[in-house]
Amino acid sequence: MDCENEDIFACKCEEKHEDLLQFLNDKVDAVYLFRDRYFENHKIEDAIRKNEEIQMLLQTTLKLFNDHEPLIKDVSRAKYNFLKGKLLNVVPKYNKEAENLLSKSIKLDPKLVDAWNELGECYWKNDELGKSINCFEGALKEKKNKYSLRSLSMLSRQAASKNREERVKNIEKGLSYAKEAVQLDPHDGLSWAVLGNAHLSSFFGIQQNPKILKQCLSAYSQAEKDLVAKSTPDLHYNKGITLKYEEEYKLALESFNEASLFDPTWEPPTIKEKQLVKYLNDIQELVSTSGKMKAKRLQQTLQSIDSKQLGPYSGGSYTSSNGEAVKLIETKLSDLKPGINEERVILGKVVCSVRNEDTVPFTFCLVDKAGTCVVVTVFNLADGKGVIIGDSVAIPEPYLTIIDFSYKGNEYKFRLIRVETPVILVVNGKKVSRDLQAGVQMSIFKKFD
């Protein structure tokens, strides 16, 4: 064979080798496509079989890798290790072999961005968050990409913090990463979902501004336009958490239920749905029975309500948060309108508290002189604080919501007053002190198992 023919032969061999790598790459992409777009070709009822079918496809594809490994040249070993590691990384659980393959891939080719990201994901599944962050930051040094950015957004917000200042810094960093990921690709629903979670963390961890919650729900809405993101149970779970806090109970229950449908093996959505149903059932019963208080005691409670218990609100006005003097008129619970009742103050007695598994909001039932009973939810209350049966409570400019819906055979119809901060309350004639106010803890999921 002359030199020219040797060059042609070498060229053809190289082409065949590149074709082999492309073939394996396509096979790995097909496995991920099957996982991410499973519900394009399957009914929601098939969700219970999804993980099993992915595992079967993984094993079939893995055999192809093992069969072709002898044909892989040393110069392509980095790409081969990456592809095989990525394949093993398709399932939710940590895989030691995947970690080894991806680590070898990066050692052979430190500029392989996708390998950095996959290794970061691998470490994350094994709860090695520091190593995971290093990998995603390593990927970003090579190339700005949405995968690294949204992963760092989540990890920043999960990072342990020594104090509030550090916590706020981590949340802000996470929000910045999420915004950057969306800017790189505004059509990627997974990035929108991460941005929604980042806004939610900001709302609870920095400032509970209602506008932030609107941004959060808007981001989730954008995420749901993408089939891949819409098929992830954690999107619906986190949306349910947001809606529950918004006291959009029916929508919250539907979101938890939808999360369960997309992955029947994942327990948190089912647990949250059951907890919320019990919470609402308890409210329904306690409001309708005035806290199950016996008739004689209830009558004594009603007779003990005295306008003097309005305390600083008894003078007919109070100073609002913006420093303005607001006139107040004592009003019966039955006369309240949906929404904010400006220049009104209500007074009643606590007849019971309502158990809430999340502890937030603190929930109790209030009756006024006329015997009308409503449920009151108080947010930002410090742990272990609250009101007890028999306490008199005055609430200025109460915000009323009419809850009226049915869900899975349960009927819910009651009036609810939402209190954003306890410091506006007057309890037993005295203004509540600021040490009763606290932030809210919450759980946002990125589901690995």
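All of the numbers you see were taken from the coordinates with simple rules; none came from a lab. Remember, it's a predicted structure, so these values are computed and weren't measured experimentally. Methodologically, a virtual Cβ is constructed for each residue, glycine included, from the backbone with ideal geometry; neighbour enumeration extends over all protein chains shown.
Computed values, structure above
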| read-out | value |
| --- | --- |
| Nearest-ten-degree value, helix 96-108 long axis tilted from longest Cα axis of the chain | 60 degrees |
| Shape of region 291-436, Cα gyration tensor, a/c cut at 1.5 | rounded |
| Size of charge dipole - region 3-280 - debye, nearest 20, with Cβ of Lys, Arg +1 and Asp, Glu -1, no other charges | 1180 debye |
| Amide hydrogen neighbours beyond the local backbone of Cys352, cut-off 5 Å, H modeled | Cys365 |
| HN-Hα J in Hz across region 126-137 - Karplus 6.51, -1.76, 1.60, θ = phi - 60°, x for Gly and Pro | 9, 6, 9, 5, x, 5, 4, 4, 4, 5, 5, 5 |
| Percent RCO, i.e. relative contact order, over the chain, from Cα pairs under 8 Å lying at least 6 residues apart | 10 percent |
| Potential extension, Lys162-Ser307 segment - 0.36 nm per residue separation minus Cα distance | 47.6 nm |
| Computed log₁₀ I(q)/I(0) - Debye formula, equal Cα scatterers, no solvent, the chain, q 0.10, 0.11, 0.13 Å⁻¹ | -0.82, -0.93, -1.15 |
| Per principal axis, descending, Cα span of region 145-216 in whole Å | 35, 26, 13 |
| Residue exposure sequence - Asp404, Asp188 - by fewest surrounding Cβ within 10 Å | Asp404, Asp188 |
| Simple spin-label estimate for Glu420 and Thr289 in nanometres, 7 Å along Cα-Cβ | 3.5 nm |
| Helix-only CD estimate at 222 nm, as mean residue ellipticity for the chain, using -39500 (n - 2.57) per DSSP H run (n ≥ 4) | -17500 deg cm²/dmol |
| In range of the label at Gln300: residues from region 375-409 whose backbone nitrogen is under 11 Å from the point 7 Å along Cα→Cβ | none |
| Size of charge dipole - region 291-436 - debye, nearest 20, with Cβ of Lys, Arg +1 and Asp, Glu -1, no other charges | 600 debye |
| Rounded if a/c under 1.5, otherwise prolate or oblate - region 204-257, Cα gyration tensor axes | oblate |
| Helix axis angle, 113-125 relative to the chain longest principal axis, alpha carbon, degrees | 50 degrees |
| Mean Cα-pair separation over length for region 116-192, i.e. relative contact order, pairs under 8 Å, 6 or more apart, % | 25 percent |
| Efficiency of FRET between Ser218 and Glu137 - r from beta-carbon atoms, R0 25 angstrom, step 0.05 | 0.30 |
| When each of Lys214/Lys327; Lys93/Lys214; Lys50/Lys146; Lys73/Lys104; Lys385/Lys431 is checked by Cα-Cα distance, pairs over 24 Å | Lys214/Lys327; Lys93/Lys214; Lys50/Lys146 |
| Residue exposure sequence - Arg167, Arg37 - by fewest surrounding Cβ within 10 Å | Arg37, Arg167 |
| Order of Leu235, Leu253 - criterion: other Cβ atoms within 10 Å of each residue's Cβ, fewest first | Leu253, Leu235 |
| Dipole magnitude of region 15-83 about its Cα centre (Cβ charges: Lys, Arg +1; Asp, Glu -1), debye to nearest 20 | 140 debye |
